[in-house]
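Visitor: Sending over a structure as structure tokens; questions will come in a sec.
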Amino acid sequence: MSSSSKKQFDRRDFFRASATGAAAMSFSGGLAFADKSIGKTADSPSVFAEPVRKLQVMDDCDVIVCGGGPAGFSAAIAAARAGARTRLFEVNGCLGGVWTAGLLTYVFDFDKPGLSHELTKRLNERDARVGKNVYRYVYHVEEMKCLLEEMVMKENIKTQLHTRVVAAYKNDANRLTTIVTESKSGRQAWKADVFIDATGDGDLGALAGCDWQFGRTKECPCQPMTMNALVTVPDVKKIKDYVLFYEGDDSWKSWQNQARQRFLGEIKRAGIEPSYGEPTLFHMRGGLLTLMVNHEYGIRPFDAAQVSDATMRARAEVDRIAKGLKSLGGIWSGIDLVATAEQIGIRDGRRIEGRYLVTKDDLTKGVRHEDAVARVTFGVDVHAATKKENADQAISNEGVRTRPYDIPLRALIAKDVDGLMTAGRCISGDFLAHASYRVTGNSVAMGEAAGAVAAVASRDKLLPHEVNWKTAKALLKQD
């Protein structure tokens, strides 16, 4: 595109327009065209010159968290409780991410001090949890939604749903200062002292120019996606031999493979070969269960077309399996598919390069750190990368025997951009380490740490890597 085809609008123009209070141009209010050539494609039929817009910058918070899943919710709560004015953006219509929009319905590695224990206690008070084991358990999805929303409102966190971060801008000192979001309100610009990427897929870090890893290589192989669903049965006792966590039973190791293989046999008896070799039913309460029966292989989570196709294929497979089970009659005669997830479950996303890389060696050696924000006890959990591999072994630890290990604060601080932190599965780690720390108990702990450090950085006019972890940790509500 030639320079005459459009006016250049670089970062300096963006900040200059913002600082002078330039009027916001919304979708409904019209666009300010630089000249009549903007929007035309004289150079090439495959190139479109998008019109320039000047956005008024909102500057009413100290910390901005992008992503309202387990890590982002926790980061926002911790930042607000530490005294920071906090904004939270979430792309779905509810908080909780994979917990809620993804219908995960169970947690692992959750027996940690702080917010994990608080959430467990609050779920107990709502009669929304099955079983006594606080390390892993099943929870009621709708109760989790309501609980998370109550907590952010109580902390006066400015929360905006249905909102996606689409751009990030740095100043001349390489510090992230402004992001742009898109929603029904159009494009909006936001400033803060510190930003936390809790998008799961590292969207903010990538937009800000950070280097990142994905899967085994950036082009895959990568871990598959899964569409969870809710089903009901008239009498759960009749199918208990096919169910994990039946009435809260936590005899996980001795029971999981037997229940899964029995369930796989029933699906095959219905004439269906599921895409996932270890299909699972989790007991939520009464006759309500979670159905996890499918895999979508080789999908890049930052490719919207791929994710859309995978979502529709997965939903169709879930529906086919539910109807196939019902056709068997007997104990399956009353099974009913209640809902499929709004968001397909993503295991692999971008891992933003940080000031420390968590590696396989950390897992095998049980590495400890002075700036540890979480101690991980979950093993390596690699799901087969292809349907062919799935037929041989659906899940593997790839021979890695893990010892409890620490995630250091440095793995949560972006290396390439100042003022940016990460939390959840997009922190800095290699493929096998990620396959261990990605479970949501660890995401909560990471989110808490990121939120507390961000609050201290804003309060003391520091960058996250300049904050003393002991100072920030003292602000966390630990039990």
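The values are calculated or read from the model by the stated rules, or taken from the named source; none is laboratory data. Because the structure is predicted, anything quoted here is derived from the model rather than measured. When we count neighbours, we look across all protein chains shown, and the Cβ atoms used for this are built from the backbone with ideal geometry, even at glycine.
Visitor: Please pick out the residue among Ala411, Ala435, Ala445, Ala385 that is crowded, with 20+ Cβ neighbours inside 10 Å, of a type outside the set (Phe, Trp, Tyr) and either touching a helix residue (DSSP H, G or I) at 6+ places or on another chain (Cβ under 8 Å) or part of a loop (DSSP other than H, G, I, E, B) (or both). It would help to see each step written out before you state the result.
Guide: On the way: Ala411 fails: either touching a helix residue (DSSP H, G or I) at 6+ places or on another chain (Cβ under 8 Å) or part of a loop (DSSP other than H, G, I, E, B) (or both); Ala435 fails: either touching a helix residue (DSSP H, G or I) at 6+ places or on another chain (Cβ under 8 Å) or part of a loop (DSSP other than H, G, I, E, B) (or both); Ala385 fails: crowded, with 20+ Cβ neighbours inside 10 Å.
Ala445 is the lone residue from the list that is crowded, with 20+ Cβ neighbours inside 10 Å, of a type outside the set (Phe, Trp, Tyr) and either touching a helix residue (DSSP H, G or I) at 6+ places or on another chain (Cβ under 8 Å) or part of a loop (DSSP other than H, G, I, E, B) (or both).
Visitor: Count, please, the residues in the range 417-430 that happen to be touching a Phe, Trp or Tyr at 6+ places or on another chain (Cβ under 9 Å) and either assigned to a helix (DSSP H, G or I) or on the phi > 0 side of the Ramachandran plot (or both).
Guide: Of the residues in the range 417-430, 1 are touching a Phe, Trp or Tyr at 6+ places or on another chain (Cβ under 9 Å) and either assigned to a helix (DSSP H, G or I) or on the phi > 0 side of the Ramachandran plot (or both).
Visitor: Looking for something of a type outside the set (Lys, Arg), in a helix (DSSP H, G or I) and modelled with pLDDT of 95 or more - is there at least one such residue anywhere in the range 19-36? Step through it out loud before you land on a result.
Guide: Narrowing the range 19-36 to residues of a type outside the set (Lys, Arg): 19-35.
After this cut, where a residue has to be in a helix (DSSP H, G or I) as well, the list is 19.
Those still in the list that are modelled with pLDDT of 95 or more too: none.
Taking every residue of the range 19-36 in turn, none turns out to be of a type outside the set (Lys, Arg), in a helix (DSSP H, G or I) and modelled with pLDDT of 95 or more.
Okay, residues lined up against (1) aromatic (Phe, Trp, Tyr); (2) touching a Leu at 6+ places or on another chain (Cβ under 6 Å); (3) within 21 Å of Ala411 (Cβ to Cβ):
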{"position": "Ile157", "(1), (2), (3)": "no, yes, no"}
{"position": "Leu161", "(1), (2), (3)": "no, no, no"}
{"position": "Thr177", "(1), (2), (3)": "no, no, no"}
{"position": "Val180", "(1), (2), (3)": "no, no, no"}
{"position": "Ser183", "(1), (2), (3)": "no, no, no"}
{"position": "Ala189", "(1), (2), (3)": "no, yes, no"}
{"position": "Asp197", "(1), (2), (3)": "no, yes, yes"}
{"position": "Asp201", "(1), (2), (3)": "no, no, yes"}
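Visitor: Here's something else I'd like to know. Has the range 347-359 got any residue that is buried (at least 24 other Cβ atoms within 10 Å of the Cβ), touching a helix residue (DSSP H, G or I) at 6+ places or on another chain (Cβ under 8 Å), in a helix (DSSP H, G or I) and modelled with pLDDT of 95 or more? Break it down into steps so the answer makes sense when it comes.
Guide: First, the residues of the range 347-359 that are buried (at least 24 other Cβ atoms within 10 Å of the Cβ): 348-352, 354, 358.
Add one more test, that the residue is touching a helix residue (DSSP H, G or I) at 6+ places or on another chain (Cβ under 8 Å), and what stays is 348, 350-352, 354, 358.
In the following step, the residues that additionally are in a helix (DSSP H, G or I) were identified as none.
Within the range 347-359, not a single residue is buried (at least 24 other Cβ atoms within 10 Å of the Cβ), touching a helix residue (DSSP H, G or I) at 6+ places or on another chain (Cβ under 8 Å), in a helix (DSSP H, G or I) and modelled with pLDDT of 95 or more.
Visitor: Would you pick out the residues in the range 98-143 that are of a type in the set (Ser, Thr, Tyr) and either buried (at least 19 other Cβ atoms within 10 Å of the Cβ) or modelled with pLDDT of 95 or more (or both)? Quick ask: steps written out before the conclusion?
Guide: Taking the range 98-143 and keeping what is of a type in the set (Ser, Thr, Tyr), we get 100, 105-106, 116, 120, 135, 137, 139.
Thr100, Thr105, Tyr106, Ser116, Thr120, Tyr137, Tyr139, listed by residue number.
Visitor: When the range 282-329 is examined, which residues are found to be basic (Lys, Arg) and modelled with pLDDT of 95 or more?
Guide: So the first thing to find is which residues in the range 282-329 are basic (Lys, Arg), and the list is 285, 300, 313, 315, 320, 323, 326.
Those that are basic (Lys, Arg) and modelled with pLDDT of 95 or more: Arg300, Arg313, Arg315, Arg320, Lys323, Lys326.
Visitor: Could I ask something else about it? Condition first: surrounded by 16 or more Cβ atoms within 10 Å (Cβ to Cβ) and either within 18 Å of Thr105 (Cα to Cα) or not β-branched (Val, Ile, Thr) (or both). Now tell me which residues in the range 321-333 satisfy that.
Guide: Selection gives Ala322, Gly324, Leu325, Lys326, Trp332.
Visitor: Residues that are outside the structural domain of Phe282 (by TED's automatic domain parsing) and small (Gly, Ala, Ser): which helices (runs of 4 or more DSSP H) entirely in the range 61-178 hold 2 or more of them? Outline the logic, then answer.
Guide: Values: elements: 70-81, 115-125, 141-154.
Of the helices (runs of 4 or more DSSP H) lying wholly inside the range 61-178, those with at least 2 residues that are outside the structural domain of Phe282 (by TED's automatic domain parsing) and small (Gly, Ala, Ser) span 70-81.
Visitor: Given the criterion among the aliphatic types (A, V, I, L, M), free of Cβ contacts under 8 Å to residues at least 40 places away in the same chain and over 30 Å from Gly202 (Cα atoms), identify the matching residue among Leu288, Leu264. Outline the logic, then answer.
Guide: Values: Leu288 fails: free of Cβ contacts under 8 Å to residues at least 40 places away in the same chain.
Residue meeting the stated conditions: Leu264.
Visitor: Another question about this same structure. In the range 137-153, is there at least one residue being among the charged types (D, E, K, R) and touching a residue at least 60 places away in the same chain (Cβ under 8 Å)?
Guide: no
Visitor: Please verify whether Ala168 is in contact with a Gly (Cβ under 8 Å, 6 or more places away or on another chain) and at negative phi, treating the condition exactly as stated. Reasoning before the result, please.
Guide: On the way: in contact with a Gly (Cβ under 8 Å, 6 or more places away or on another chain): yes; at negative phi: yes.
Yes: the conditions hold for Ala168.
Residues checked against (1) in contact with a Lys or Arg (Cβ under 8 Å, 6 or more places away or on another chain); (2) under 19 Å from Thr100 (Cβ atoms):
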| site | (1), (2) |
| --- | --- |
| Lys268 | no, no |
| Glu273 | no, no |
| Gly277 | no, no |
| Leu281 | no, no |
| Gly286 | no, no |
| Leu291 | no, yes |
| Ile299 | no, no |
| Phe302 | yes, no |
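Visitor: Now for a separate question. Any residue in the range 393-407 that is crowded, with 20+ Cβ neighbours inside 10 Å, modelled with pLDDT of 95 or more and part of a strand (DSSP E or B)?
Guide: The answer is yes, given that some residue of the range 393-407 is crowded, with 20+ Cβ neighbours inside 10 Å, modelled with pLDDT of 95 or more and part of a strand (DSSP E or B).
Visitor: Still on this structure, I have one more. Can you pull out every residue in the range 448-467 that is touching a helix residue (DSSP H, G or I) at 6+ places or on another chain (Cβ under 8 Å) and farther than 15 Å from Asp197 by Cα? Walk me through it before giving the result.
Guide: The initial filter retains those residues of the range 448-467 that are touching a helix residue (DSSP H, G or I) at 6+ places or on another chain (Cβ under 8 Å), namely 448-457, 462-467.
Hits for the range 448-467 are Val456, Ala457, Leu462, Leu463, His465, Glu466, Val467.
Visitor: Residues in the range 200-216: is at least one surrounded by 22 or more Cβ atoms within 10 Å (Cβ to Cβ) and assigned to a strand (DSSP E or B)?
Guide: There is no residue in the range 200-216 that is surrounded by 22 or more Cβ atoms within 10 Å (Cβ to Cβ) and assigned to a strand (DSSP E or B).
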